[in-house]
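What follows is one structure encoded as structure tokens, with my remarks underneath.
Nothing in this text is a laboratory measurement; each read-out follows from the coordinates by a stated rule. All values reported here derive from a predicted model rather than from experimental measurement. Neighbour counts run over all protein chains shown; Cβ positions are idealised from the backbone, glycine included.
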Amino acid sequence: MTTFNRRQLLGLGLGAAAAVSLAACGDDDKGPATTGNGGKDYTGPKVTINLWNGFTGGDGDIFKKLVDQFNTEHANIAITVATYKWEDYYAKLPGAVSSGNGPDIAVMHMDMIATFAARKVIQPVDDVASALGLSESDFAATVWKGGLYQSKRYGIPLDMHPVGMYYNKALFQKAGLDPAKPPTNRSEFEATLTALKGAGIQGFWISPFQFTGGMTGYSLVHQFGGALYNADATKATFNSDQAVEAVSWLTKLIADGHSPANVGQDADYLALKSNQNAININGIWQVNDLKKSPDVQWGVAPVPQIGTRKAVWANSHNFTIVQQKTTDANKVAGAKVFINWLSQHSLDWAAGGQVPARNAVRDDPKFKELTEVNTLAAELPDAAFPPAAPGIGDVTNLFYTAFNEAVLGKKAPKQALDDGVAKADKLLEDNRKKYGS
């Protein structure tokens, strides 16, 4: 996922995650680390620690700068970072691990954790949380629970990245709207679109693609009181009355002329930047991109509550510990130092455009100075995360396909969602057989 995609949030936690879990991974052991004192420093022989991630956007630049700074300050620890597009990353990881060429630490999205846990690519880290005294009270509850699979913890949360509402202030002014008062609910949102249309502006371009029209649809299904799956993720429910109402509301906006009928991939966002589109629901990862466009007058706000409750699409990056054929205790100690150091530079990481998962970091006055990111931190309690079920990402893609068909007018919303659910239920059944759960 991304052009996208951080924290005092690991806190001391991640260091212990690396220490405890890496030590538990292997069949062999190269012996005790030369030194190790809880991750504060490491004086053993030079050690190389491999870390994989998918930070290909602006957040990746920040991550690399932090790694370079760490390596400069630590002559005896070398962190090597391999960065792939997320889709390539997830395809490559299982084979690399089985061949003994996997990383020591892997960054992973919340909705992928169950899949890789079921495939035994990553290790449980319950001992980490226990040793550090970490609990749900230290994190946003939804983010903390997202690292669980079959009652075991496989991820230590780094952040949460939601969608938010970006708006073009110049177009608001052209339509006689107050750019300091973006819409917050359905009536205000619809009135805003009416005013924009009156000024000759198609104010809300709706993309038929997952990025990011599908994410808007996902958010609204939950806002209207629905969900994509039942409680135990054994059945798809994104053809419920609530889901049909949500998608129908969006398609009616197109029919009413508030959006072009066939918006290209990313055209909705580019139109916002070129003063053609007034409102774009997009990911928090666009904050830093917009900051690079000084000629664009823009603002960002939480997604308006269109339905009966607040809800937004969101995901979360977690640190996971990869299975190893052998254990190197010096790597364990070095990993502790790196991750503890990273936690001390969490505000730099959050500046990459992520909402820290850890409560204490979000309460830090310096984080609150990151105005735009802090604005979307208000959405954290409303994050609608996917369930922890193996293969759930592939199933959710069927919702995005159905959404695409409805938005492009290939099928009526109900028919598109019914057809998608039929395929999703079959895939859920196949996944239970495949993963044994």
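Tabulated data
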item: In Hz, Karplus ³J(HN,Hα) per residue of segment 277-286 (6.51, -1.76, 1.60; θ = phi - 60°; x = Gly, Pro); result: 10, 8, 9, 9, 7, 8, x, 4, 5, 7
item: Peptide ranges 96-103, 113-120 listed from the most packed, as the mean C-beta count within 10 angstrom indicates; result: 113-120, 96-103
item: Dipole axis of the chain (+1 Lys, Arg; -1 Asp, Glu on Cβ), positive-most option in HIS258, PHE238, LEU398; result: LEU398
item: Interchain or long-range residues, amide H under 5 Å from ASN185's placed H; result: GLN305
item: Relative exposure of TRP86, TRP349, judged by other C-beta atoms within 10 Å (fewest first); result: TRP86, TRP349
item: Footprinting exposure proxy for TRP313, TRP285 (fewest neighbouring C-beta atoms within 10 Å first); result: TRP285, TRP313
item: Selection from TRP86, SER151, ALA106 lying farthest towards where the dipole of segment 85-181 points positive, charges on Cβ; result: TRP86
item: Segment 48-89: C-alpha gyration tensor shape, a/c 1.5 cut-off, then a/b vs b/c; result: oblate
item: Selection from ALA314, PHE116, ILE49, by position along the positive dipole direction of the chain (Cβ); result: PHE116
item: Residues whose placed amide H lies under 5 Å from that of ALA314, excluding near-sequence neighbours; result: ALA384
item: Sequence of THR375, THR48 once ranked by neighbouring C-beta atoms within 10 Å, starting from the fewest; result: THR48, THR375
item: Computed magnitude of the charge dipole of segment 210-288 (debye, nearest 20; Cβ of K, R +1, Cβ of D, E -1); result: 100 debye
item: Charged-residue dipole, Cβ positions (Lys, Arg, Asp, Glu), segment 42-152 about Cα centre, Debye nearest 20; result: 320 debye
item: Net dipole in debye of the chain [+1 Lys, Arg Cβ; -1 Asp, Glu Cβ; about Cα centre; nearest 20]; result: 160 debye
item: Options (1) 72, 49, 34; (2) 68, 47, 45; (3) 71, 66, 40 - which one matches Cα extents along the principal axes in Å as calculated here; result: (1)
